[in-house]
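Visitor: Below are the structure tokens for one structure; questions will follow.
The numbers here are math on the coordinates, done by the rules we state, and not lab data. Worth saying up front: this structure is predicted, and the values here are computed from it rather than measured. For neighbour counting, all protein chains shown are included, and Cβ atoms are generated from backbone atoms with ideal geometry for every residue, glycine included.
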Amino acid sequence: MEFVVFAVFAAISVTAALFMVLQRNAMYSALFLVLNFFCFAVFFILLGAYFLAVVQVAVYAGAIMVLMLFVIMLLNVAYPEPPDKVLGFLRPFGVVTAVVFAAVLAGVGFGSKMGENASILPRISDPTSGAGIILKGVGAAEAGHVQEVAATLFSRYLFPFEVTSVLLLAAILGASVLVRKRTEHA
Amino acid sequence: MAFVEVKSPPPPANALSGAVADVTALARGLGVTLGYMFQKPVTIQYPEERPRISARHRGRHELERHDNGLEKCVGCELCALACPSKAIFVEGAENPPDAPVSIGERYAKTYIVNMIRCIFCGFCVEACPTEALQLKKVFELADYTRESMIYSKETLLAPAPKREATDSWMPG
Amino acid sequence: MDGLFGLDGATWDIILAVITALIKAFVIVNGLLLAFAYMTLTERKVLGRMQARFGPNRVGPFGLLQPIADGIKLAFKEDVTPRQANFWVHMVAPMMALIPALIIFAVIPLGPEMRILGQPWTWYVAKINVGYLYATAIASVGVYGLVLAGWASNSKYALLGGLRASAQVISYELAQGLAAMTALVLAGSLNLYEIVNQQVSSGLPYALYLPFGLIAFVIYVIAGVAETNRSPFDMAEAEGELGAGFHTEYSGFKWSMFFMAEYVNMINISALATVLFLGGWWPIPTDAPGFIQGLGPIVFLIKIGAFMFMFIWLRATFPRLRFDRLMSLGWKVLLPIALVNLLLTSAVVALWPLGVWPFAQ
């Protein structure tokens, strides 16, 4: 049952990801990315991480992608220049990145079959697996609980958490400085 | 109808009292709408409920008659001259002495009011020397064809009085 | 039922649960749409009375058949897609607005868990631990419908309406979320049923926790009105400036789907505010005898109705805000107040002597 759900949504997810990359229309790309996010939410639910699933939808699909659409609509970049003209020189880098990424994926998949603990991706329906890299070490039973996520985030991962927030704050400050109107009176 | 007197508030002394004044104003606004909700609606439920028409309402034209049944209109065409939208056409004719139509020497052989053109200004009524033309309270003038909006004399003429005209009242 | 068709009891329990959930979902979706239909009539009636007129009273007794007439009219209206519009996105957008609105209600606990004829019965479709987050996540997805409608229509009015809608909803989501967090901190749970249950058992809805609960409640309601794009925050469809905003280029059934989404979202916001701040079925105790427990959903629906009346009342009273005033209200007034309020609430909950805050835990 779980495998069927996973297979269906994995297929949708991969298709959506492919369409996202291959679409020339930026708006369609954004919409397929949203679809992809929803598939991710389903995967999180399958892993028992309800909190992450809901946050995935609320933050990525509900907030960030809406802002992305906002930008796409404002800048009217629905039909941009063909990538050959703009990013032609980047093509070799793209091929290299794709090969490396495929190698990593293959390694992970291969490794998870070979060794018990070599996997960084949790196995489906494995009650002892975590809900992803962030929650590695937290049991699936607790992974869905907000309390557990909070406790892990604010104890073991406090330092990365704070560093991330400082980074985001710096980004916000930088953005406000850049767009600030320079007036003589202010 | 209860109208609320609007007073411009004094400028707030500080931010807090300003906020309090704003919230008070919002609450008063809510009070007004809630108050109206419990009042009787002013709507006239038209087909069942008839509107009260003012005595001076300018509605449909009517050509009046004397008590003896003779028409007041003498075919002078002053109404047609006064009409700013040229909605009235009058064709006068000699009043036959043996079978008088009006009380004067002449009468209106044709009297047409184009109700599509009429703007109900009432100048025709003011111009009429014999008080033959009146604008009545009838306001339901809608119809389906343009032709039917051109009122002939037969349409405009007030119905003949029920009682017989007395000879003693007859002129000449 | 053991052994029927060779299935064991546990399997039958699962099948029964699925069937029950499906029936409940069917009833809720249709109930919401029926409520939407009669909400339109109520709104027109109440607005009418507030403007010293009657509102619709011709179709059927007291105009009660008006929504049916409207529905028939909308269903048979020509469904126009502008030639320059993006056909698929134009078609999907109303669905993306309506579907999230309809599925939020699954987690709303309408009444206490009880037994009917000895069988356990629940007044919700799903009781999940992250119930509140589920509701907000789905609600935040609903804005796609507005944005995509604005973009796909290829009309400047619709585009401006869509942009306004997205900016407004994202801005007010923050204040709304922080206000709701106050209730969540007080309850110490994200499970909507638990939140209600704690308010009922403590006998005091969170809106009456002075002053923090009340402040959070007011902010939540204001942000909720903005979230649903209702007057006086209906910038997205400001008819004076934008034609009809994001749904300018819509007609017929697709337009009515936006209409439904707006009203169902109002019901959702009302239900969530009832759960978070008005204590759900408070003052009916959760563990009362059966027939009194049965009053729980009625109390809940009465509270929702009060909120719906408030929505109409606000629309009848206040003029629309200017867009920059709307943004500054959200970012410079509601958000800081909600943030400070949440901080103080958390401090009180955390520092209450020896952690004996009687209401959380």
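Visitor: Under 10 Å, Cα contacts only: if you run a Gaussian network model on chain B, which one of B:L16, B:L157, B:L70 comes out with the highest mean-square fluctuation?
Guide: B:L16
Visitor: Check the cysteines of chain B one by one and keep only those with no other cysteine Cβ under 4.7 Å from their own.
Guide: Isolated Cys, chain B: B:C73, B:C76, B:C83, B:C118, B:C121, B:C128.
Visitor: Using just the C-alpha positions of region C:80-351 as equal point scatterers, what log10 of I(q)/I(0) does the Debye formula give at each q in 0.17 1/Å?
Guide: Each listed q maps to, in turn, -1.26.
Visitor: Against the longest principal axis of chain B, how steep is helix B:15-37, in degrees 0 to 90 to the nearest 10, with axes from Cα atoms?
Guide: 40
Visitor: Also, quick follow-up: Nearest 500 deg cm²/dmol is fine: what mean residue ellipticity at 222 nm does chain B get from its DSSP H runs of n ≥ 4 alone, each adding -39,500 (n - 2.57), divided by its residue count?
Guide: Theoretical 222 nm ellipticity from helices: -6000 deg cm²/dmol.
Visitor: Each residue of region C:328-333 in order: what ³J(HN,Hα) in whole Hz does its phi give by Karplus 6.51 cos²θ - 1.76 cosθ + 1.60, θ = phi - 60°, with x for Gly and Pro?
Guide: 6, 5, x, 8, 9, 10
Visitor: May I pose another question? Using Cα-only point scatterers and the Debye equation, what is log10 of I(q)/I(0) for the protein assembly as shown at each q in 0.07, 0.10, 0.11, 0.12 Å⁻¹, rounded to two decimals?
Guide: Normalising to I(0) and taking log10 leaves -0.67, -1.12, -1.31, -1.51.
Visitor: Let me ask another. Stick to the Cα atoms of region A:12-75, pair each with every other, and give me the Kirkwood hydrodynamic radius in Å at one decimal.
Guide: 12.0
Visitor: Given contacts defined as C-alpha pairs under 8 Å and at least six residues apart, what's the relative contact order of region C:214-361, whole-number percent?
Guide: 29
Visitor: Identify which of C:L117, C:L41, C:L160 has the largest mean-square fluctuation in a Gaussian network model of chain C, with springs joining Cα atoms closer than 10 Å.
Guide: Top of the fluctuation ranking is C:L117.
Visitor: Compute the Rg to Rh ratio over region C:99-192 from the alpha carbon atoms, using the Kirkwood formula for Rh, and round to two decimal places.
Guide: 1.14
Visitor: Report the label-to-label distance for A:L167 and C:I72 in nanometres (one decimal), using points 7 Å from each Cα along the Cα→Cβ vector.
Guide: 6.2
Visitor: About its Cα centre, what dipole magnitude does the protein assembly as shown give when the only charges are +1 on Lys and Arg Cβ and -1 on Asp and Glu Cβ, stated in debye to the nearest 20?
Guide: 980
Visitor: Here is a follow-up. Excluding residues on the same chain fewer than 8 positions from C:K156, give the lysines whose Cα lies under 18 Å from its Cα.
Guide: Cα-Cα hits under 18 Å: none found.
Visitor: Mind ordering C:189-200, C:305-316 by average Cβ neighbours within 10 Å, highest first?
Guide: C:189-200, C:305-316
Visitor: Now for a separate question. Can you spot the aspartates and glutamates whose alpha carbon is less than 20 Å from C:K127's alpha carbon? Ignore those fewer than 8 places along the same chain.
Guide: Once the sequence-local aspartates and glutamates are set aside, what remains near C:K127 is A:E142, A:E148, C:D13, C:E113, C:E194, C:D287.
Visitor: Hey, fewest Cβ within 10 Å first, where do C:D234, B:D98, C:D70, B:D143 land in order?
Guide: B:D98, B:D143, C:D70, C:D234
Visitor: Regarding region C:1-76, what is the average projected area of its C-alpha convex hull, in nm²?
Guide: Value for region C:1-76: 8.2 nm².
Visitor: Can you work out the base-10 log of I(q)/I(0) for region B:61-156 at q = 0.15, 0.16 1/Å, using the Debye formula on its C-alpha atoms alone?
Guide: -0.56, -0.64
Visitor: Okay, next question. Relative contact order of chain B: what whole-number percent is it, with Cα pairs under 8 angstrom and at least 6 residues apart?
Guide: After rounding, I find 25 percent.
Visitor: OK, next. Kindly state, to the nearest 0.05, the FRET efficiency for C:V59 paired with A:V21, given R0 = 51 Å and r defined as their beta-carbon distance.
Guide: 0.45
Visitor: From largest to smallest, what semi-axes in whole angstrom does region C:45-141 give when each is the square root of 5 times an eigenvalue of its alpha carbon gyration tensor?
Guide: Semi-axes, largest first: 34, 27, 14 Å.
Visitor: Roughly how crowded by other chains is peptide A:65-74, in terms of the mean Cβ count from those chains within 10 Å of each of its Cβ atoms?
Guide: Across the residues of A:65-74, the mean count of other-chain Cβ atoms within 10 Å is 5.
Visitor: First measure r as the distance between the Cβ atoms of B:E105 and C:Y38, then evaluate 1/(1 + (r/R0)^6) with R0 = 41 Å and state the FRET efficiency to the nearest 0.05.
Guide: The value I calculate is 0.05.
Visitor: Once every DSSP H run of n ≥ 4 in chain C is given -39500 (n - 2.57) and the sum is divided by its residues, what mean residue ellipticity at 222 nm do you get, rounded to the nearest 500 deg cm²/dmol?
Guide: Here the helix-only value at 222 nm equals -21000 deg cm²/dmol.
Visitor: When the label point is put 7 Å from the Cα of A:F3 along its Cα-to-beta-carbon vector, which residues of region A:47-64 have a backbone N closer than 17 Å?
Guide: Of the residues in region A:47-64, A:47 have backbone N under 17 Å from the label point off A:F3.
Visitor: Under a GNM of chain B (C-alpha, springs under 10 Å), which listed residue has the highest mean-square fluctuation: B:M115, B:M37, B:M149?
Guide: Comparing B:M115, B:M37, B:M149 in a Gaussian network model of chain B, the most mobile one is B:M37.
Visitor: In terms of Cα to Cα distance under 22 Å, which lysines are near enough to C:K45, apart from those fewer than 8 places away along the same chain?
Guide: B:K40, C:K73, C:K303
Visitor: Averaged across the residues of C:128-136, what count of C-beta atoms belonging to other chains lies within 10 Å of each residue's C-beta?
Guide: Taking the mean over all residues of the peptide, I get 5.
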